[in-house]
Amino acid sequence: MTGKDMLRGIQNLDAAMIEEAEFETFKRSRAGLSGRRKLLVLLAAALAAGSMIAAAAYTRWSATMQFGSYGGVQPSEEIKKQAEKTGLSMIPTGADDGGQETVSATDNDVTITLAQTVMDQNGGKAIFRIQGLKLEEGQSPWAWYDYTIDGKDWTQLGISGGSQFFNGTTLDEQGNWVNVKDGKPASGYDYQLSDGSIEFSCDFAWDGKDVFGKEMVFTFTGLGITGEKFEDEDIMTTPGKWELRWTLQGSAKEPKRWTPDAKIGHWDLTLAEAEIGQYSMKFTYRLGDAYADVMDFVERERWDPTPAGIRLKDGTDIQNPSGSGSGEWDAENHLFTEIHSALGTVLDPEQVAGLYFYAGSELNEEGFRVEKPYYYIPLE
């Protein structure tokens, strides 16, 4: 068996990567090995340790979670290992190998399979793989869906979130958008992976609600494409019904907590508490008496007190980590609490060194509002 044969045996690896793998020269950069080269190093180490099964578990993550970070930092193998160990990540692989039972449905020659879930006490993400949906060049996919938890509609439960398709691009080590398939500069979106499938993900924000152990029923009622223009209606090309059922599970690992009690910039605004977990964050701000409430602050200062980034102990900055969010205003104590779930990437809270915030915004020469430089608040 060749090295390529072993790579082909692992789910979700791009065929182009496999063909190039044995011929690439390993190069180190300031940020370390690239994602493609890290894979080969990981597999070599796993084989030497006799742990090929464990290595495969971490490399078959969905493309959405493997490459879809919009914070500019993809999850390392150690981060993935932690996510598997704590139950944050669940990958249905079928009962034959001891994993969760495969969740799948087929209608109108299209099969939708639950590929991965990443969930904690505040929310998470479910990633689905769609096989058989045909797209022409330049078309963007669309989905119609609904879901219930424990028989209750998501609106009854007060759960918020959003959805998106993985567009086939990722950030490289220099911060440039490139195609996942070949690493070349991205000139557009390529939604179809090398096996022809498309990944769709849905974010959930349940803010501490008791959902683990309860049944999720996620129902797709149609697939299609977006309208050519933003104002155009989306077009359902493949009607049908795909009902997927599974028991929600995730990480109950407690987040790391700090009480910086630090003033943010020039505003009468204090970061009172910060909680950061593997896949969610919670911040509590204290507003000065000059503001009636948080909306008064936002309207007057034209700025939302949301972190612009997270700084890790090794100096890495994760930009725009916020995911689905919700907030609560405590009028009596003048406190605003904001929860962000389904973050831009999976984190190791022990490696967090600090937070940075936009220093407000201003109009540029063209009349567009742009962010000012950052304020930094250390947490360690």
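Laboratory data are not the source of any read-out in this text; all were calculated from the coordinates shown. From a predicted model like this one, the values you see are computed outputs, not experimental measurements. Cβ atoms come from the backbone with ideal geometry, glycine included; neighbour counts cover every protein chain shown.
Given the convex hull of the Cα atoms of the range 230-344, what is a quarter of its surface area in nm²?
Values: hull surface 49.1 nm².
About 12.3 nm², averaged over all directions.
Listed highest first by mean packing, meaning other Cβ atoms within 10 Å per residue, what order do 155-167, 288-300 come in? Intermediate values should be presented prior to the final figure.
Numbers: 155-167: 16.1, 288-300: 13.8.
Ranking, from highest mean packing down: 155-167, 288-300.
Using the count of nearby Cβ atoms within 10 Å as a rough guide to exposure, how do Glu84, Glu78 rank from fewest to most? Don't jump to the answer; show the numbers that get you there.
On the way: Glu84 16, Glu78 11.
Ordered by Cβ neighbours within 10 Å, fewest first: Glu78, Glu84.
Using a cut-off of 16 Å between alpha-carbon atoms, which aspartates and glutamates can reach Lys209, once sequence neighbours fewer than 8 places away in the same chain are excluded?
Here the aspartates and glutamates satisfying the reach criterion relative to Lys209 are Asp120, Asp150, Asp153, Glu254, Glu328, Glu338.
Taking +1 at the Cβ of each Lys and Arg and -1 at the Cβ of each Asp and Glu, which of Leu135, Thr113, Gly158 sits farthest along the dipole of the range 90-247 towards its positive end, judged by Cα position relative to the Cα centre?
Gly158
Please compute the modelled spin-label separation between Asp182 and Thr219, points set 7 Å along Cα→Cβ, answer in nm with one decimal.
For Thr219 paired with Asp182, the spin-label model returns 4.3 nm.
Normalised by the empirical 2.2 N^0.38 Å for globular proteins, what value does the Cα Rg of the range 90-247 take? If you can, show how the numbers build up before the last one.
Values: Rg = 16.6 Å, N = 158, 2.2 N^0.38 = 15.1 Å.
Computed over Cα atoms of the range 90-247, the ratio equals 1.10.
Residue farthest toward the positive end of the dipole of the range 256-378, with Cβ of Lys/Arg at +1 and Asp/Glu at -1: which of Gly315, Tyr291, Ile276?
Going by the Cα projections, it comes out as Gly315.
Quick check: net charge around Gly227, other residues with Cβ under 9 Å of its Cβ, Lys/Arg +1 and Asp/Glu -1? Intermediate values should be presented prior to the final figure.
Values: positive: Lys229; negative: Glu228, Glu231, Asp232, Glu233, Asp234.
Counting the neighbours of Gly227, the net charge comes to -4.
Please work out the Kirkwood hydrodynamic radius for the range 175-252, using every pair of different C-alpha atoms, and report it in angstroms with one decimal place.
Numbers: mean 1/r = 0.0608 Å⁻¹.
Its Kirkwood hydrodynamic radius stands at 16.4 Å.
Which of Lys214/Lys282; Lys214/Lys263; Lys85/Lys134 have a Cα-Cα distance over 32 Å? Can you show the working numbers first?
Working: Lys214/Lys282 24 Å; Lys214/Lys263 41 Å; Lys85/Lys134 37 Å.
From Lys214/Lys282; Lys214/Lys263; Lys85/Lys134, over 32 Å: Lys214/Lys263; Lys85/Lys134.
Under a straight-distance cross-link criterion of Cα-Cα below 14 Å, which aspartates and glutamates are reachable from Lys313, leaving out those fewer than 8 residues away in the same chain?
Cα-Cα hits under 14 Å: Asp348, Glu350, Glu380.
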